[in-house]
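To keep things clear, I will list the structure first and then write my remarks on it.
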Amino acid sequence: MKKPVHDLLDKNMRLPIICAPMFLVSSPNLVINACKNGIVGSFPAFNTRTQTALDEWLTTITEALKNEKQKDPTAKVAPFAVNLVVHASNKRLQADFEVVKKHKVPFVITSQGNPQSIVDAVHKWGGIVFHDVITVAHARKAIDAGADGLILVAAGAGGHAGEVNPFALVREVREFWQGPLVLAGAINDGYGVRAAEVLGANYSYMGTRFIATTEAEVDPDYKTMLVDADLNDLVFTDTFTGVKCHFLKPSITRAGVDLSLIEGKAHVDLDLGGSNAWKDMWSAGHGVSGIHSVVPVAHLIEQLASEYNNASQLQAFSSASSHTPQVGR
Ligand SMILES: Cc1cc2nc3c(=O)[nH]c(=O)nc-3n(C[C@H](O)[C@H](O)[C@H](O)COP(=O)(O)O)c2cc1C
(Lines give C-alpha, C1' and ligand atoms only; values in the text may rest on other atoms or scores of the structure.)
Protein backbone atom coordinates (compact mmCIF):
# COMPACT_ATOMS: atom_id res chain seq x y z
CA MET A 1 0.00 0.00 0.00
CA LYS A 2 1.34 3.41 -0.90
CA LYS A 3 1.82 5.94 1.88
CA PRO A 4 0.08 9.29 1.69
CA VAL A 5 2.55 11.78 0.23
CA HIS A 6 2.23 13.94 3.33
CA ASP A 7 3.37 11.08 5.61
CA LEU A 8 6.40 10.34 3.51
CA LEU A 9 7.48 13.85 2.57
CA ASP A 10 6.14 16.77 4.62
CA LYS A 11 6.50 15.15 8.03
CA ASN A 12 10.17 14.53 7.34
CA MET A 13 11.05 17.77 5.59
CA ARG A 14 12.35 21.00 7.02
CA LEU A 15 11.69 22.96 3.83
CA PRO A 16 9.48 22.16 0.79
CA ILE A 17 12.47 21.58 -1.49
CA ILE A 18 13.69 18.71 -3.63
CA CYS A 19 17.34 18.81 -4.67
CA ALA A 20 16.72 17.80 -8.29
CA PRO A 21 18.36 14.85 -10.03
CA MET A 22 21.26 15.96 -12.23
CA PHE A 23 23.20 13.85 -14.70
CA LEU A 24 26.91 13.65 -13.78
CA VAL A 25 26.30 15.96 -10.81
CA SER A 26 24.18 14.17 -8.18
CA SER A 27 26.26 11.85 -5.99
CA PRO A 28 25.51 9.87 -2.82
CA ASN A 29 27.27 12.59 -0.82
CA LEU A 30 25.04 15.32 -2.26
CA VAL A 31 21.91 13.22 -1.74
CA ILE A 32 22.80 12.27 1.85
CA ASN A 33 23.59 15.85 2.82
CA ALA A 34 20.37 17.15 1.29
CA CYS A 35 18.26 14.54 3.15
CA LYS A 36 20.17 14.97 6.43
CA ASN A 37 19.37 18.65 6.32
CA GLY A 38 15.67 18.11 5.74
CA ILE A 39 15.11 18.38 1.98
CA VAL A 40 14.66 15.52 -0.50
CA GLY A 41 17.90 14.51 -2.24
CA SER A 42 17.76 12.68 -5.55
CA PHE A 43 19.90 11.27 -8.33
CA PRO A 44 19.38 9.86 -11.82
CA ALA A 45 19.96 6.10 -12.03
CA PHE A 46 22.08 6.94 -15.10
CA ASN A 47 24.72 8.42 -12.81
CA THR A 48 25.77 4.88 -12.01
CA ARG A 49 27.34 2.88 -14.83
CA THR A 50 26.09 -0.53 -13.76
CA GLN A 51 23.37 -2.10 -11.63
CA THR A 52 26.08 -3.17 -9.17
CA ALA A 53 27.06 0.47 -8.73
CA LEU A 54 23.41 1.46 -8.39
CA ASP A 55 23.00 -1.18 -5.71
CA GLU A 56 26.06 0.21 -3.87
CA TRP A 57 24.82 3.82 -4.06
CA LEU A 58 21.43 2.81 -2.71
CA THR A 59 23.02 0.85 0.14
CA THR A 60 25.29 3.79 1.03
CA ILE A 61 22.44 6.30 1.01
CA THR A 62 19.99 4.09 2.91
CA GLU A 63 22.55 3.21 5.61
CA ALA A 64 23.66 6.84 6.06
CA LEU A 65 20.10 8.08 6.47
CA LYS A 66 19.24 5.24 8.84
CA ASN A 67 22.27 6.10 11.00
CA GLU A 68 21.29 9.76 10.98
CA LYS A 69 17.82 8.91 12.24
CA GLN A 70 19.24 6.58 14.90
CA LYS A 71 21.56 9.33 16.16
CA ASP A 72 18.60 11.65 16.63
CA PRO A 73 15.13 10.14 16.21
CA THR A 74 13.58 13.61 16.36
CA ALA A 75 15.67 14.91 13.44
CA LYS A 76 13.91 15.66 10.17
CA VAL A 77 15.65 13.33 7.75
CA ALA A 78 13.95 13.61 4.37
CA PRO A 79 13.52 10.59 2.09
CA PHE A 80 15.62 10.31 -1.07
CA ALA A 81 14.46 9.80 -4.64
CA VAL A 82 15.80 7.99 -7.69
CA ASN A 83 15.12 9.35 -11.17
CA LEU A 84 14.29 6.82 -13.90
CA VAL A 85 13.81 7.63 -17.56
CA VAL A 86 10.74 5.56 -18.48
CA HIS A 87 10.92 6.16 -22.23
CA ALA A 88 11.17 3.04 -24.41
CA SER A 89 14.65 4.14 -25.52
CA ASN A 90 16.01 3.46 -22.02
CA LYS A 91 17.35 -0.06 -22.37
CA ARG A 92 18.51 -0.10 -18.74
CA LEU A 93 15.09 0.61 -17.26
CA GLN A 94 14.09 -2.94 -16.32
CA ALA A 95 17.46 -3.84 -14.82
CA ASP A 96 17.70 -0.54 -12.90
CA PHE A 97 14.15 -0.95 -11.71
CA GLU A 98 14.93 -4.38 -10.22
CA VAL A 99 17.59 -2.72 -8.03
CA VAL A 100 15.22 0.11 -7.09
CA LYS A 101 12.67 -2.53 -6.14
CA LYS A 102 15.18 -4.51 -4.08
CA HIS A 103 15.87 -1.38 -2.01
CA LYS A 104 12.19 -0.38 -1.84
CA VAL A 105 13.20 3.16 -2.79
CA PRO A 106 10.66 5.44 -1.08
CA PHE A 107 10.37 8.02 -3.84
CA VAL A 108 10.76 7.51 -7.58
CA ILE A 109 10.89 10.40 -10.04
CA THR A 110 10.07 9.34 -13.57
CA SER A 111 10.78 11.36 -16.68
CA GLN A 112 9.75 11.04 -20.34
CA GLY A 113 7.45 8.22 -21.47
CA ASN A 114 4.54 6.70 -19.57
CA PRO A 115 5.15 5.90 -15.88
CA GLN A 116 2.10 3.62 -15.40
CA SER A 117 3.87 0.28 -14.93
CA ILE A 118 6.41 1.87 -12.58
CA VAL A 119 3.66 3.56 -10.55
CA ASP A 120 1.83 0.28 -9.97
CA ALA A 121 4.99 -1.53 -8.91
CA VAL A 122 6.28 1.25 -6.61
CA HIS A 123 2.93 1.48 -4.83
CA LYS A 124 3.24 -2.20 -3.92
CA TRP A 125 6.12 -1.43 -1.55
CA GLY A 126 4.58 1.80 -0.26
CA GLY A 127 6.63 4.18 -2.36
CA ILE A 128 5.43 7.18 -4.36
CA VAL A 129 6.04 8.32 -7.93
CA PHE A 130 6.22 11.88 -9.23
CA HIS A 131 6.42 12.38 -12.99
CA ASP A 132 8.38 15.20 -14.55
CA VAL A 133 6.63 17.14 -17.36
CA ILE A 134 7.15 20.30 -19.42
CA THR A 135 3.67 20.77 -20.90
CA VAL A 136 0.05 20.69 -19.75
CA ALA A 137 -0.69 17.81 -22.14
CA HIS A 138 2.05 15.72 -20.51
CA ALA A 139 0.70 16.63 -17.08
CA ARG A 140 -2.70 15.20 -18.03
CA LYS A 141 -1.08 12.00 -19.31
CA ALA A 142 0.92 11.58 -16.09
CA ILE A 143 -2.26 11.92 -14.03
CA ASP A 144 -3.97 9.29 -16.22
CA ALA A 145 -0.99 7.02 -15.63
CA GLY A 146 -1.57 7.29 -11.87
CA ALA A 147 1.39 9.46 -10.86
CA ASP A 148 1.15 10.62 -7.24
CA GLY A 149 2.61 14.01 -8.03
CA LEU A 150 3.66 16.18 -10.94
CA ILE A 151 6.91 18.03 -11.42
CA LEU A 152 6.39 21.01 -13.71
CA VAL A 153 9.64 21.92 -15.40
CA ALA A 154 9.06 25.46 -16.58
CA ALA A 155 11.03 27.85 -18.77
CA GLY A 156 14.46 28.80 -17.48
CA ALA A 157 15.27 25.47 -15.85
CA GLY A 158 18.70 23.87 -16.03
CA GLY A 159 18.95 20.62 -18.00
CA HIS A 160 16.23 19.89 -20.54
CA ALA A 161 14.00 22.85 -19.78
CA GLY A 162 10.40 23.50 -20.60
CA GLU A 163 9.37 26.55 -22.55
CA VAL A 164 6.20 27.51 -20.68
CA ASN A 165 6.14 30.39 -18.23
CA PRO A 166 5.92 29.02 -14.64
CA PHE A 167 2.97 31.28 -13.71
CA ALA A 168 0.93 30.00 -16.64
CA LEU A 169 1.99 26.37 -16.19
CA VAL A 170 1.17 26.10 -12.48
CA ARG A 171 -2.13 27.94 -12.73
CA GLU A 172 -3.34 25.92 -15.72
CA VAL A 173 -2.43 22.59 -14.13
CA ARG A 174 -4.06 23.66 -10.86
CA GLU A 175 -7.36 23.97 -12.78
CA PHE A 176 -7.55 20.18 -12.98
CA TRP A 177 -5.02 18.74 -10.50
CA GLN A 178 -5.35 19.16 -6.75
CA GLY A 179 -2.59 16.68 -5.87
CA PRO A 180 1.08 17.27 -5.06
CA LEU A 181 2.77 19.71 -7.41
CA VAL A 182 6.44 20.56 -7.72
CA LEU A 183 7.70 23.57 -9.66
CA ALA A 184 11.11 23.68 -11.35
CA GLY A 185 12.97 26.38 -13.18
CA ALA A 186 15.39 29.00 -11.85
CA ILE A 187 14.24 28.68 -8.24
CA ASN A 188 17.36 29.81 -6.56
CA ASP A 189 16.61 31.01 -3.06
CA GLY A 190 14.07 30.85 -0.25
CA TYR A 191 12.08 33.72 -1.76
CA GLY A 192 11.55 31.65 -4.90
CA VAL A 193 10.52 28.63 -2.81
CA ARG A 194 7.89 30.70 -1.01
CA ALA A 195 6.75 32.29 -4.28
CA ALA A 196 6.24 28.83 -5.80
CA GLU A 197 3.97 27.94 -2.86
CA VAL A 198 1.97 31.13 -3.21
CA LEU A 199 1.51 30.32 -6.88
CA GLY A 200 0.07 26.93 -6.01
CA ALA A 201 3.01 24.50 -5.97
CA ASN A 202 3.66 22.37 -2.89
CA TYR A 203 7.39 21.95 -3.44
CA SER A 204 10.29 23.54 -5.29
CA TYR A 205 12.71 21.54 -7.42
CA MET A 206 16.18 23.09 -7.31
CA GLY A 207 18.99 21.91 -9.53
CA THR A 208 21.52 24.52 -10.61
CA ARG A 209 21.91 26.11 -7.17
CA PHE A 210 23.05 22.78 -5.73
CA ILE A 211 25.84 22.39 -8.31
CA ALA A 212 27.64 25.26 -6.56
CA THR A 213 27.97 23.30 -3.31
CA THR A 214 30.99 21.63 -1.80
CA GLU A 215 29.33 18.22 -2.10
CA ALA A 216 28.57 18.35 -5.85
CA GLU A 217 31.26 16.19 -7.44
CA VAL A 218 31.90 18.25 -10.57
CA ASP A 219 34.90 20.02 -12.05
CA PRO A 220 35.70 22.97 -9.74
CA ASP A 221 35.71 25.22 -12.87
CA TYR A 222 32.00 24.44 -13.31
CA LYS A 223 31.29 25.82 -9.83
CA THR A 224 33.42 28.92 -10.45
CA MET A 225 31.63 29.48 -13.74
CA LEU A 226 28.26 29.38 -11.96
CA VAL A 227 29.43 31.96 -9.43
CA ASP A 228 30.67 34.24 -12.22
CA ALA A 229 27.75 33.74 -14.61
CA ASP A 230 24.65 35.76 -15.27
CA LEU A 231 21.80 35.31 -17.76
CA ASN A 232 23.92 36.60 -20.59
CA ASP A 233 26.25 33.64 -20.17
CA LEU A 234 23.59 31.11 -21.15
CA VAL A 235 22.67 29.77 -24.57
CA PHE A 236 19.49 27.73 -25.17
CA THR A 237 20.22 25.16 -27.83
CA ASP A 238 19.32 21.66 -29.00
CA THR A 239 22.60 21.33 -30.87
CA PHE A 240 24.31 19.15 -28.25
CA THR A 241 21.55 16.81 -27.09
CA GLY A 242 18.74 17.12 -29.65
CA VAL A 243 16.52 18.69 -26.99
CA LYS A 244 16.53 22.38 -25.97
CA CYS A 245 18.80 22.94 -23.02
CA HIS A 246 20.61 25.89 -21.43
CA PHE A 247 24.39 25.67 -21.49
CA LEU A 248 27.02 27.97 -20.04
CA LYS A 249 28.71 29.76 -22.93
CA PRO A 250 32.14 29.81 -21.24
CA SER A 251 32.00 26.01 -20.94
CA ILE A 252 31.34 25.70 -24.67
CA THR A 253 34.32 27.87 -25.50
CA ARG A 254 36.43 26.02 -22.93
CA ALA A 255 35.52 22.75 -24.67
CA GLY A 256 36.95 24.16 -27.91
CA VAL A 257 33.58 24.58 -29.66
CA ASP A 258 32.99 27.78 -31.67
CA LEU A 259 30.11 29.52 -29.88
CA SER A 260 29.34 31.76 -32.87
CA LEU A 261 28.23 28.67 -34.81
CA ILE A 262 25.51 28.01 -32.23
CA GLU A 263 24.37 31.29 -30.75
CA GLY A 264 21.21 32.69 -32.33
CA LYS A 265 20.97 29.73 -34.72
CA ALA A 266 18.44 26.93 -35.01
CA HIS A 267 19.76 23.38 -34.62
CA VAL A 268 23.16 22.99 -36.22
CA ASP A 269 25.05 19.79 -36.90
CA LEU A 270 28.48 20.33 -35.49
CA ASP A 271 31.62 18.30 -35.21
CA LEU A 272 32.19 18.60 -31.47
CA GLY A 273 35.71 17.24 -31.77
CA GLY A 274 35.23 14.69 -28.98
CA SER A 275 33.61 17.13 -26.53
CA ASN A 276 30.41 16.03 -24.88
CA ALA A 277 27.34 17.75 -23.49
CA TRP A 278 27.15 17.48 -19.68
CA LYS A 279 30.75 16.27 -19.33
CA ASP A 280 32.46 19.17 -21.12
CA MET A 281 29.63 21.55 -21.95
CA TRP A 282 27.87 22.44 -18.71
CA SER A 283 24.22 23.20 -18.14
CA ALA A 284 22.66 25.80 -15.84
CA GLY A 285 19.27 27.40 -15.40
CA HIS A 286 18.25 31.07 -15.47
CA GLY A 287 18.88 31.28 -11.72
CA VAL A 288 22.66 31.56 -12.21
CA SER A 289 22.76 35.28 -11.45
CA GLY A 290 21.76 34.51 -7.86
CA ILE A 291 24.72 32.21 -7.21
CA HIS A 292 27.50 34.10 -5.45
CA SER A 293 29.47 31.44 -3.64
CA VAL A 294 30.19 27.74 -3.34
CA VAL A 295 29.01 26.56 0.06
CA PRO A 296 28.39 23.26 1.86
CA VAL A 297 24.85 21.89 1.43
CA ALA A 298 24.10 22.38 5.16
CA HIS A 299 25.02 26.05 4.86
CA LEU A 300 22.94 26.52 1.72
CA ILE A 301 19.88 24.93 3.34
CA GLU A 302 20.32 27.16 6.38
CA GLN A 303 20.37 30.17 4.07
CA LEU A 304 17.32 28.91 2.14
CA ALA A 305 15.45 28.46 5.45
CA SER A 306 16.24 32.00 6.54
CA GLU A 307 15.15 33.47 3.17
CA TYR A 308 12.03 31.30 3.15
CA ASN A 309 11.09 32.48 6.65
CA ASN A 310 11.68 36.12 5.68
CA ALA A 311 9.55 35.69 2.58
CA SER A 312 6.79 34.01 4.58
CA GLN A 313 6.64 37.02 6.88
CA LEU A 314 6.36 39.59 4.10
CA GLN A 315 2.92 41.17 4.14
CA ALA A 316 1.11 41.53 0.84
CA PHE A 317 0.48 45.26 1.27
CA SER A 318 3.46 46.31 3.34
CA SER A 319 5.77 49.16 2.33
CA ALA A 320 7.58 49.05 -0.99
CA SER A 321 10.94 48.47 0.69
CA SER A 322 9.83 45.11 2.09
CA HIS A 323 8.96 43.99 -1.43
CA THR A 324 12.61 44.12 -2.34
CA PRO A 325 14.20 41.34 -0.33
CA GLN A 326 17.89 41.97 0.33
CA VAL A 327 19.54 38.72 -0.58
CA GLY A 328 22.97 38.56 1.03
CA ARG A 329 25.98 37.91 -1.17
C1 LIG B 1 23.53 19.62 -15.06
C2 LIG B 1 22.12 19.20 -15.02
C3 LIG B 1 21.79 17.87 -15.25
C4 LIG B 1 20.46 17.46 -15.21
N5 LIG B 1 20.17 16.11 -15.39
C6 LIG B 1 18.90 15.68 -15.24
C7 LIG B 1 18.60 14.28 -15.31
O8 LIG B 1 19.46 13.43 -15.47
N9 LIG B 1 17.28 13.90 -15.16
C10 LIG B 1 16.29 14.83 -14.96
O11 LIG B 1 15.13 14.44 -14.83
N12 LIG B 1 16.55 16.15 -14.90
C13 LIG B 1 17.84 16.58 -15.01
N14 LIG B 1 18.11 17.92 -14.89
C15 LIG B 1 17.02 18.86 -14.60
C16 LIG B 1 16.83 19.00 -13.08
O17 LIG B 1 16.38 17.79 -12.53
C18 LIG B 1 15.82 20.13 -12.76
O19 LIG B 1 14.64 19.97 -13.48
C20 LIG B 1 16.40 21.51 -13.07
O21 LIG B 1 17.74 21.58 -12.67
C22 LIG B 1 15.60 22.59 -12.37
O23 LIG B 1 15.97 23.86 -12.81
P24 LIG B 1 17.13 24.75 -12.13
O25 LIG B 1 18.43 24.12 -12.54
O26 LIG B 1 16.94 26.08 -12.78
O27 LIG B 1 16.94 24.74 -10.67
C28 LIG B 1 19.43 18.38 -14.95
C29 LIG B 1 19.77 19.71 -14.70
C30 LIG B 1 21.09 20.12 -14.73
C31 LIG B 1 21.42 21.56 -14.44
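The values are calculated or read from the model by the stated rules, or taken from the named source; none is laboratory data. This one's a predicted model, so the numbers in the text were calculated from it and none came from an experiment. As a convention, Cβ positions derive from the backbone with ideal geometry for all residues, glycine included, and neighbour counts pool all protein chains shown. These accessible areas exclude ligands, DNA and RNA; they are computed on the full protein's heavy atoms, side chains included. Shrake-Rupley method; radii C 1.70, N 1.55, O 1.52, S 1.80 Å.
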(request) Tell me which residues come under 5 Å, amide H to amide H, from I128 once H is placed; ignore anything under 5 positions away on its chain. (result) F107, V108
(request) Under a 10 Å cutoff between Cα atoms, tell me which one of G200, G185, G287 has the largest fluctuation in the Gaussian network model of the chain. (result) G200
(request) Take the solvent-accessible surface of the protein heavy atoms, probe 1.4 Å, and return the percent of it on the chain that carbon and sulfur atoms account for. (result) 52 percent
(message) Output wanted: per-residue J couplings in Hz (rounded whole) for region 175-187, from phi through Karplus 6.51 cos²θ - 1.76 cosθ + 1.60, θ = phi - 60°, x for Gly and Pro.
(response) 5, 10, 10, 9, x, x, 9, 10, 10, 10, x, 6, 7
(request) Set Lys and Arg Cβ to +1 and Asp and Glu Cβ to -1, take the dipole of the chain about its Cα centre, and tell me which of L231, N188, G290 lies farthest positive. (result) N188
(message) Could you put D228, D120 in order of accessible surface area, largest first, with the 1.4 Å probe and the full protein assembly present?
(response) D228, D120
(request) List the DSSP H helices in the chain whose Cα atoms stretch 27 Å or more along the helix axis and whose mean Kyte-Doolittle hydropathy is at least -1.0. (result) 51-71
(request) Write down the radius of gyration of region 50-98 and its Dmax, each obtained from C-alpha positions, in Å. (result) 14.2, 43
(message) I want to verify a result. In a Gaussian network model of the chain, Cα cutoff 10 Å, which of these has the top mean-square fluctuation: F236, F46, F167?
(response) F167
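Report the charge-dipole magnitude of region 188-307 in Debye, nearest 20, computed about the Cα centre from +1 at each Lys and Arg Cβ and -1 at each Asp and Glu Cβ. Before the final figure, lay out each step's value.
Numbers: 8 positive and 17 negative charges, 37 e Å.
My answer is approximately 180 debye.
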(message) Pick from G156, G290, G274 the residue whose mean-square fluctuation is largest in a GNM of the chain, springs joining Cα atoms under 10 Å.
(response) G274
(request) With no solvent and one equal point scatterer placed on each C-alpha of region 1-147, evaluate the Debye formula and give log10 I(q)/I(0) for q = 0.19 Å⁻¹, two decimals. (result) -1.18
(request) Compute the Cα gyration tensor for region 77-139, then decide on rounded, prolate or oblate, letting a ≥ b ≥ c be the square roots of its eigenvalues: rounded whenever a/c is under 1.5, prolate when a/b is larger than b/c in the other cases, and oblate in all that remain. (result) oblate
(request) Could you pull out every one of the aspartates and glutamates with an alpha carbon less than 19 Å from that of K101, ignoring same-chain neighbours closer than 8 positions? (result) D55, E56, E63, D120, D148
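Using the heavy atoms of the protein chains alone and a 1.4 angstrom probe, what is the accessible area of the chain per residue in square angstrom?
Averaged over the residues of the chain, the accessible area is 45 Å².
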(message) One quarter of the convex hull surface, Cα atoms only: what value does that give for the chain in nm²?
(response) 16.9 nm²
(request) Enter the Cα centre distance for the pair region 221-257 and region 18-82, rounded to the nearest angstrom. (result) 27 Å
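Student exercise: in region 136-277, how many lysine pairs 8 or more apart or on different chains have Cα atoms under 23 Å apart?
Final tally of qualifying lysine pairs is 5.
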(request) Quote the accessible area belonging to D132 in square angstrom, nearest 10, computed with a 1.4 Å probe and with ligands, DNA and RNA left uncounted. (result) 40 Å²
(request) Please list the non-local residues whose amide H lies under 5 Å from the amide H of E215, H modeled 1.01 Å from N, same-chain partners needing a gap of 5 or more. (result) V297
(message) As a quick test, which of the pairs K11/K36; K11/K124; K11/K76; K104/K124 have an alpha carbon distance above 19 angstrom in this structure?
(response) K11/K124
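Quick one: Cα convex hull volume of region 16-70, Å³ per residue?
Each residue corresponds to 61 Å³ of Cα convex hull volume.
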(request) Quick one: work out the % antiparallel among DSSP beta bridges in the chain, nearest 5. (result) 15 percent
(message) Can you divide the C-alpha Rg of region 220-286 by 2.2 N^0.38 Å and report the result to two decimal places?
(response) 1.00
